[in-house]
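Engineer: What follows is a structure written as C-alpha coordinates; I'll ask about it next.
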Amino acid sequence: MDEPVRSPAPRPGAVARLRHWRSRRSPGRPRLWFEILLIGVSYWLYSLVRNAVPEQKAAALRNADWIWSVEKSLGAAFEHSVNHAVNSVTWLIVSMNYYYATLHFIVTIGVLVWLFRYHPGRYAAARLVLFATTGVALLGYYLYPLAPPRLMNGGHFVDTVLVHQTWGSMASGNFKNMSNQYAAMPSMHIGWSLWCGLIIFAVASAPWARILGLLYPAATLVVIVSTANHFWMDAVGGMACLAFGFAVSFAWYGRLPHRLPKRVAAARTRTRLHGLRTGAGARAARLRAAARRGSPARPADGAHDGGPGGTGPGNAGGTGPGRTAVTPTAGRPEPAAGRPEEVPARGQ
(Lines give C-alpha, C1' and ligand atoms only; values in the text may rest on other atoms or scores of the structure.)
Protein backbone atom coordinates (compact mmCIF):
# COMPACT_ATOMS: atom_id res chain seq x y z
CA MET A 1 0.00 0.00 0.00
CA ASP A 2 1.41 3.33 -1.01
CA GLU A 3 2.14 5.71 1.80
CA PRO A 4 0.77 9.24 1.50
CA VAL A 5 3.27 11.78 0.26
CA ARG A 6 4.22 14.23 2.96
CA SER A 7 5.34 17.71 2.17
CA PRO A 8 8.83 18.51 3.43
CA ALA A 9 9.00 20.33 6.73
CA PRO A 10 9.93 23.99 6.43
CA ARG A 11 13.51 24.82 7.16
CA PRO A 12 14.18 26.37 10.56
CA GLY A 13 15.49 29.51 8.91
CA ALA A 14 12.29 29.97 6.92
CA VAL A 15 10.16 29.40 10.01
CA ALA A 16 12.19 31.95 11.95
CA ARG A 17 11.83 34.50 9.17
CA LEU A 18 8.07 33.91 9.01
CA ARG A 19 7.71 34.36 12.76
CA HIS A 20 9.84 37.49 12.60
CA TRP A 21 7.68 38.90 9.79
CA ARG A 22 4.47 38.18 11.71
CA SER A 23 5.88 39.72 14.86
CA ARG A 24 6.76 42.87 12.96
CA ARG A 25 3.17 43.12 11.70
CA SER A 26 1.63 42.69 15.16
CA PRO A 27 0.54 46.03 16.63
CA GLY A 28 3.00 47.58 19.01
CA ARG A 29 2.51 50.17 21.72
CA PRO A 30 2.02 53.56 19.98
CA ARG A 31 4.35 56.40 20.90
CA LEU A 32 2.73 59.78 21.46
CA TRP A 33 5.40 61.97 19.87
CA PHE A 34 5.58 59.76 16.79
CA GLU A 35 1.81 59.72 16.32
CA ILE A 36 1.50 63.50 16.63
CA LEU A 37 4.29 63.98 14.09
CA LEU A 38 2.89 61.34 11.75
CA ILE A 39 -0.66 62.71 11.75
CA GLY A 40 0.49 66.30 11.35
CA VAL A 41 2.83 65.55 8.45
CA SER A 42 0.30 63.23 6.81
CA TYR A 43 -2.48 65.82 6.86
CA TRP A 44 -0.12 68.48 5.55
CA LEU A 45 0.85 66.21 2.65
CA TYR A 46 -2.80 65.34 2.04
CA SER A 47 -3.77 69.02 1.84
CA LEU A 48 -0.76 69.78 -0.33
CA VAL A 49 -1.52 67.01 -2.83
CA ARG A 50 -5.27 67.66 -2.82
CA ASN A 51 -4.82 71.33 -3.56
CA ALA A 52 -2.07 70.66 -6.11
CA VAL A 53 -4.48 68.64 -8.27
CA PRO A 54 -5.28 70.84 -11.27
CA GLU A 55 -8.69 72.46 -11.00
CA GLN A 56 -10.14 71.17 -14.23
CA LYS A 57 -13.17 73.41 -14.10
CA ALA A 58 -14.75 72.42 -17.42
CA ALA A 59 -14.41 68.69 -16.74
CA ALA A 60 -15.61 69.15 -13.14
CA LEU A 61 -18.76 70.95 -14.28
CA ARG A 62 -19.46 68.32 -16.92
CA ASN A 63 -19.09 65.57 -14.36
CA ALA A 64 -21.44 67.42 -11.99
CA ASP A 65 -24.07 67.67 -14.74
CA TRP A 66 -23.68 63.93 -15.41
CA ILE A 67 -24.03 63.02 -11.71
CA TRP A 68 -27.11 65.22 -11.44
CA SER A 69 -28.70 63.62 -14.50
CA VAL A 70 -28.01 60.12 -13.13
CA GLU A 71 -29.62 60.97 -9.83
CA LYS A 72 -32.65 62.37 -11.65
CA SER A 73 -32.96 59.19 -13.70
CA LEU A 74 -32.89 57.22 -10.44
CA GLY A 75 -35.55 59.47 -8.93
CA ALA A 76 -33.15 60.39 -6.10
CA ALA A 77 -32.15 63.96 -6.96
CA PHE A 78 -33.24 65.37 -3.60
CA GLU A 79 -30.24 67.61 -2.87
CA HIS A 80 -31.90 70.77 -4.25
CA SER A 81 -35.04 70.37 -2.11
CA VAL A 82 -33.07 69.63 1.05
CA ASN A 83 -30.71 72.55 0.46
CA HIS A 84 -33.52 75.09 0.10
CA ALA A 85 -35.61 73.65 2.94
CA VAL A 86 -32.81 73.72 5.51
CA ASN A 87 -31.57 77.12 4.32
CA SER A 88 -34.94 78.60 5.26
CA VAL A 89 -34.22 77.84 8.95
CA THR A 90 -31.40 80.21 9.77
CA TRP A 91 -30.24 78.76 13.11
CA LEU A 92 -30.24 75.25 11.65
CA ILE A 93 -28.26 76.00 8.51
CA VAL A 94 -25.77 78.16 10.42
CA SER A 95 -25.22 75.26 12.85
CA MET A 96 -24.70 72.92 9.91
CA ASN A 97 -22.14 75.30 8.40
CA TYR A 98 -20.09 75.17 11.59
CA TYR A 99 -20.63 71.42 11.85
CA TYR A 100 -19.22 70.98 8.34
CA ALA A 101 -16.23 73.20 9.06
CA THR A 102 -15.19 71.86 12.46
CA LEU A 103 -16.46 68.42 13.51
CA HIS A 104 -14.79 66.81 10.51
CA PHE A 105 -11.48 67.36 12.31
CA ILE A 106 -12.50 67.44 15.98
CA VAL A 107 -14.33 64.11 16.08
CA THR A 108 -11.72 62.30 13.98
CA ILE A 109 -8.86 63.48 16.18
CA GLY A 110 -10.93 62.72 19.27
CA VAL A 111 -11.46 59.10 18.19
CA LEU A 112 -7.75 58.72 17.48
CA VAL A 113 -6.89 60.03 20.95
CA TRP A 114 -9.48 57.73 22.54
CA LEU A 115 -8.04 54.70 20.77
CA PHE A 116 -4.49 55.72 21.68
CA ARG A 117 -5.40 56.08 25.35
CA TYR A 118 -7.81 53.21 25.97
CA HIS A 119 -7.30 50.77 23.08
CA PRO A 120 -3.59 50.94 22.17
CA GLY A 121 -3.62 47.42 20.74
CA ARG A 122 -6.20 48.46 18.13
CA TYR A 123 -4.89 51.94 17.43
CA ALA A 124 -2.37 51.14 14.69
CA ALA A 125 -4.81 49.03 12.66
CA ALA A 126 -7.56 51.66 12.92
CA ARG A 127 -5.13 54.41 11.98
CA LEU A 128 -4.04 52.41 8.93
CA VAL A 129 -7.69 52.23 7.81
CA LEU A 130 -7.96 56.02 8.03
CA PHE A 131 -4.68 56.63 6.21
CA ALA A 132 -5.45 54.18 3.39
CA THR A 133 -8.93 55.68 2.98
CA THR A 134 -7.51 59.19 2.67
CA GLY A 135 -4.73 58.09 0.33
CA VAL A 136 -7.02 56.45 -2.19
CA ALA A 137 -9.31 59.50 -2.07
CA LEU A 138 -6.46 61.58 -3.53
CA LEU A 139 -6.53 59.32 -6.56
CA GLY A 140 -10.23 60.05 -6.97
CA TYR A 141 -9.64 63.81 -6.83
CA TYR A 142 -7.11 63.53 -9.62
CA LEU A 143 -8.97 61.10 -11.89
CA TYR A 144 -12.48 62.46 -11.45
CA PRO A 145 -12.71 66.23 -10.81
CA LEU A 146 -16.20 67.12 -9.68
CA ALA A 147 -17.86 70.41 -8.90
CA PRO A 148 -20.07 70.53 -5.80
CA PRO A 149 -23.76 71.33 -6.31
CA ARG A 150 -23.33 74.94 -5.11
CA LEU A 151 -20.98 75.62 -8.06
CA MET A 152 -23.13 74.03 -10.78
CA ASN A 153 -24.19 76.17 -13.72
CA GLY A 154 -27.92 76.75 -13.50
CA GLY A 155 -28.36 74.41 -10.55
CA HIS A 156 -29.84 77.17 -8.35
CA PHE A 157 -28.29 75.74 -5.21
CA VAL A 158 -27.67 78.03 -2.23
CA ASP A 159 -24.05 78.47 -1.10
CA THR A 160 -24.97 78.61 2.57
CA VAL A 161 -21.59 79.86 3.78
CA LEU A 162 -21.74 82.89 1.50
CA VAL A 163 -25.37 83.65 2.23
CA HIS A 164 -25.07 83.44 6.02
CA GLN A 165 -21.44 84.63 6.21
CA THR A 166 -20.35 81.91 8.56
CA TRP A 167 -16.72 81.15 9.34
CA GLY A 168 -14.61 78.11 8.75
CA SER A 169 -15.39 76.53 5.40
CA MET A 170 -12.42 76.09 3.10
CA ALA A 171 -14.79 75.79 0.16
CA SER A 172 -16.37 79.24 0.15
CA GLY A 173 -15.74 82.80 1.17
CA ASN A 174 -12.25 84.08 1.92
CA PHE A 175 -10.74 80.58 2.07
CA LYS A 176 -11.89 79.33 -1.33
CA ASN A 177 -8.59 80.23 -3.00
CA MET A 178 -6.70 78.03 -0.52
CA SER A 179 -8.57 74.84 -1.38
CA ASN A 180 -9.35 72.85 -4.51
CA GLN A 181 -12.96 73.70 -5.29
CA TYR A 182 -13.44 70.73 -7.61
CA ALA A 183 -12.50 67.83 -5.33
CA ALA A 184 -15.97 66.71 -4.28
CA MET A 185 -15.66 63.03 -5.25
CA PRO A 186 -15.19 61.14 -2.99
CA SER A 187 -16.50 62.85 0.14
CA MET A 188 -14.00 62.50 2.95
CA HIS A 189 -16.52 64.04 5.32
CA ILE A 190 -18.41 60.78 4.86
CA GLY A 191 -15.28 58.61 4.73
CA TRP A 192 -13.90 59.98 8.00
CA SER A 193 -17.24 60.22 9.82
CA LEU A 194 -18.16 56.66 8.89
CA TRP A 195 -14.73 55.51 10.08
CA CYS A 196 -15.39 57.22 13.42
CA GLY A 197 -18.88 55.76 13.67
CA LEU A 198 -17.89 52.18 12.87
CA ILE A 199 -14.88 52.22 15.20
CA ILE A 200 -16.96 53.62 18.07
CA PHE A 201 -19.77 51.14 17.44
CA ALA A 202 -17.41 48.15 17.29
CA VAL A 203 -15.12 49.08 20.19
CA ALA A 204 -17.15 51.09 22.70
CA SER A 205 -18.96 49.21 25.47
CA ALA A 206 -21.52 51.85 26.50
CA PRO A 207 -24.78 51.53 24.50
CA TRP A 208 -25.24 55.29 24.27
CA ALA A 209 -21.76 55.69 22.76
CA ARG A 210 -22.45 53.01 20.15
CA ILE A 211 -25.72 54.73 19.20
CA LEU A 212 -23.95 58.08 18.84
CA GLY A 213 -21.35 56.36 16.70
CA LEU A 214 -23.99 55.30 14.22
CA LEU A 215 -25.79 58.65 14.28
CA TYR A 216 -22.65 60.67 13.52
CA PRO A 217 -22.14 59.61 9.86
CA ALA A 218 -25.90 59.82 9.27
CA ALA A 219 -25.93 63.40 10.53
CA THR A 220 -22.86 64.18 8.41
CA LEU A 221 -24.67 62.97 5.29
CA VAL A 222 -27.54 65.37 6.02
CA VAL A 223 -25.08 68.23 6.55
CA ILE A 224 -23.07 67.77 3.35
CA VAL A 225 -26.26 67.66 1.29
CA SER A 226 -27.97 70.56 3.09
CA THR A 227 -24.95 72.84 2.64
CA ALA A 228 -24.72 71.91 -1.09
CA ASN A 229 -21.12 70.78 -0.71
CA HIS A 230 -21.72 67.26 -2.02
CA PHE A 231 -24.08 65.04 -3.95
CA TRP A 232 -25.22 61.92 -2.13
CA MET A 233 -23.26 59.93 -4.72
CA ASP A 234 -20.09 61.57 -3.36
CA ALA A 235 -20.96 59.85 -0.08
CA VAL A 236 -21.04 56.52 -1.90
CA GLY A 237 -17.53 57.26 -3.16
CA GLY A 238 -16.40 57.96 0.41
CA MET A 239 -17.85 54.63 1.57
CA ALA A 240 -15.99 52.81 -1.21
CA CYS A 241 -12.72 54.44 -0.12
CA LEU A 242 -13.37 53.38 3.48
CA ALA A 243 -13.99 49.79 2.36
CA PHE A 244 -10.61 49.89 0.64
CA GLY A 245 -9.01 51.18 3.84
CA PHE A 246 -10.44 48.33 5.91
CA ALA A 247 -9.25 45.83 3.28
CA VAL A 248 -5.70 47.19 3.49
CA SER A 249 -5.69 47.00 7.29
CA PHE A 250 -7.09 43.46 7.25
CA ALA A 251 -4.47 42.35 4.71
CA TRP A 252 -1.67 43.76 6.88
CA TYR A 253 -2.76 42.69 10.36
CA GLY A 254 -4.85 39.64 9.48
CA ARG A 255 -7.80 40.91 11.52
CA LEU A 256 -10.11 43.90 11.65
CA PRO A 257 -9.16 46.55 14.24
CA HIS A 258 -11.86 45.62 16.76
CA ARG A 259 -10.77 41.95 16.63
CA LEU A 260 -7.28 42.76 17.85
CA PRO A 261 -6.36 42.70 21.56
CA LYS A 262 -7.29 45.82 23.48
CA ARG A 263 -3.78 46.25 24.83
CA VAL A 264 -0.30 45.17 23.80
CA ALA A 265 2.46 43.66 25.90
CA ALA A 266 4.62 46.13 27.76
CA ALA A 267 7.89 47.00 26.08
CA ARG A 268 9.80 45.79 29.14
CA THR A 269 8.21 42.35 28.94
CA ARG A 270 8.92 42.05 25.23
CA THR A 271 12.53 43.11 25.78
CA ARG A 272 12.98 40.57 28.57
CA LEU A 273 11.56 37.75 26.48
CA HIS A 274 13.76 38.78 23.58
CA GLY A 275 16.77 38.70 25.87
CA LEU A 276 15.88 35.22 27.11
CA ARG A 277 15.52 33.96 23.55
CA THR A 278 18.78 35.62 22.54
CA GLY A 279 20.64 34.08 25.51
CA ALA A 280 19.31 30.60 24.80
CA GLY A 281 20.30 30.93 21.17
CA ALA A 282 23.82 32.02 22.11
CA ARG A 283 24.29 29.01 24.40
CA ALA A 284 23.06 26.65 21.68
CA ALA A 285 25.49 28.21 19.21
CA ARG A 286 28.41 27.67 21.61
CA LEU A 287 27.48 24.02 22.04
CA ARG A 288 27.31 23.49 18.28
CA ALA A 289 30.66 25.19 17.79
CA ALA A 290 32.27 22.99 20.46
CA ALA A 291 30.84 19.87 18.83
CA ARG A 292 32.29 20.86 15.45
CA ARG A 293 35.75 21.34 17.01
CA GLY A 294 35.57 17.86 18.51
CA SER A 295 35.94 19.06 22.09
CA PRO A 296 33.25 18.27 24.60
CA ALA A 297 30.94 21.06 25.51
CA ARG A 298 30.72 22.25 29.07
CA PRO A 299 28.59 19.54 30.68
CA ALA A 300 26.88 19.63 34.00
CA ASP A 301 28.96 19.80 37.15
CA GLY A 302 30.56 16.48 38.07
CA ALA A 303 30.60 14.99 34.57
CA HIS A 304 34.10 16.15 33.62
CA ASP A 305 37.62 15.37 34.82
CA GLY A 306 38.36 16.61 38.25
CA GLY A 307 34.72 16.71 39.35
CA PRO A 308 32.93 14.29 41.64
CA GLY A 309 32.35 10.97 39.90
CA GLY A 310 35.03 11.49 37.23
CA THR A 311 38.08 9.39 36.53
CA GLY A 312 40.79 12.03 36.36
CA PRO A 313 43.67 12.48 38.75
CA GLY A 314 42.76 13.83 42.12
CA ASN A 315 39.09 12.91 41.75
CA ALA A 316 37.34 11.49 44.77
CA GLY A 317 36.09 8.03 43.97
CA GLY A 318 38.31 7.80 40.86
CA THR A 319 41.47 5.80 40.22
CA GLY A 320 43.99 8.63 40.27
CA PRO A 321 46.85 8.69 42.74
CA GLY A 322 46.66 10.29 46.13
CA ARG A 323 42.97 9.53 46.77
CA THR A 324 41.24 6.89 48.88
CA ALA A 325 38.45 5.04 47.20
CA VAL A 326 35.23 6.13 48.80
CA THR A 327 31.91 4.39 48.52
CA PRO A 328 28.63 6.21 48.33
CA THR A 329 27.92 5.23 51.95
CA ALA A 330 28.81 8.34 53.90
CA GLY A 331 32.43 8.31 52.72
CA ARG A 332 33.64 5.45 55.02
CA PRO A 333 36.73 3.40 53.93
CA GLU A 334 35.96 0.03 52.38
CA PRO A 335 36.67 -3.00 54.62
CA ALA A 336 39.60 -5.28 53.97
CA ALA A 337 39.15 -8.12 51.51
CA GLY A 338 37.51 -11.24 52.96
CA ARG A 339 36.15 -9.52 56.07
CA PRO A 340 32.51 -8.64 56.06
CA GLU A 341 31.61 -5.20 57.10
CA GLU A 342 30.42 -4.91 60.65
CA VAL A 343 27.00 -3.47 60.97
CA PRO A 344 26.55 -1.45 64.14
CA ALA A 345 23.73 -2.45 66.39
CA ARG A 346 20.83 -0.14 67.05
CA GLY A 347 21.49 2.48 69.59
CA GLN A 348 25.29 2.44 69.21
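Engineer: If each of V236 and S42 carries a label point 7 Å out from its Cα toward its Cβ, how far apart are those two points in nm?
Structural biologist: So the two model labels end up 2.8 nm from each other.
Engineer: Could you order the peptides 36-48, 145-157, 106-118, 225-237 from most to least packed, using the average number of other C-beta atoms within 10 Å per residue? The partial results should precede the final answer.
Structural biologist: Numbers: 36-48: 12.5, 145-157: 19.6, 106-118: 15.9, 225-237: 23.8.
Final packing ranking: 225-237, 145-157, 106-118, 36-48.
Engineer: Oh, and also: List, in order, the whole-Hz ³J(HN,Hα) value for each residue of the stretch 148-159 obtained from phi through the Karplus relation with A = 6.51, B = -1.76, C = 1.60 and θ = phi - 60°; use x for Gly and Pro.
Structural biologist: Listing the rounded values in order: x, x, 5, 9, 5, 7, x, x, 6, 7, 9, 7 Hz.
Engineer: Applying 1/(1 + (r/R0)^6) with R0 = 45 Å to the Cβ-Cβ distance of R210 and R283, what FRET efficiency is obtained, to the nearest 0.05? Could you put the intermediate results ahead of the total?
Structural biologist: Values: r = 52 Å, r/R0 = 1.15.
Taking R0 as 45 Å, the efficiency between R210 and R283 is 0.30.
Engineer: Please calculate how many Å² of accessible area the stretch 78-172 carries per residue, with a 1.4 Å probe and no DNA, RNA or ligand atoms counted.
Structural biologist: Numbers: 4250 Å² over 95 residues.
That works out to 45 Å² per residue.
Engineer: Let me check I've understood the local charge: for T134, count other residues with C-beta under 14 angstrom from its C-beta, Lys and Arg +1, Asp and Glu -1. What total comes out?
Structural biologist: Details: positive: R50, R127; negative: none.
Once positives and negatives cancel, what remains is +2.
Engineer: Could I ask something else about it? Give the peptides 72-82, 119-129 in descending order of average Cβ contacts within 10 Å, highest first. The partial results should precede the final answer.
Structural biologist: On the way: 72-82: 12.8, 119-129: 22.1.
Packing proxy ranking, top to bottom: 119-129, 72-82.
Engineer: Okay, moving on. Could you work out how much longer the chain between A77 and R293 gets when fully extended? Use 0.36 nm per residue separation minus the Cα distance between them, nm to one decimal. Before the final figure, lay out the partial values.
Structural biologist: On the way: separation 216, 0.36 × 216 = 77.76 nm, distance 8.37 nm.
Between A77 and R293, full extension yields 69.4 nm more.
Engineer: OK, next. Whose amide H sits under 5 Å from the amide H of A183, counting only residues 5 or more places off or on another chain, with H placed in the peptide plane?
Structural biologist: Here the answer is L146, since their amide H atoms fall under 5 Å of that of A183.
Engineer: Residue separation times 0.36 nm, minus the C-alpha to C-alpha distance between S69 and W167: what's the value? Let's see the in-between values first.
Structural biologist: On the way: separation 98, 0.36 × 98 = 35.28 nm, distance 3.19 nm.
Separation in residues times 0.36 nm, less the Cα-Cα distance, equals 32.1 nm.
The values are calculated or read from the model by the stated rules, or taken from the named source; none is laboratory data. Quick caveat, the model's predicted, so the values are computed rather than measured. Note that each Cβ is placed from the backbone with ideal geometry, even for glycine, and that neighbours are counted across all protein chains shown. Surface accessibility is based on the protein's heavy atoms, side chains included, excluding ligands, DNA and RNA. Shrake-Rupley method; radii C 1.70, N 1.55, O 1.52, S 1.80 Å.
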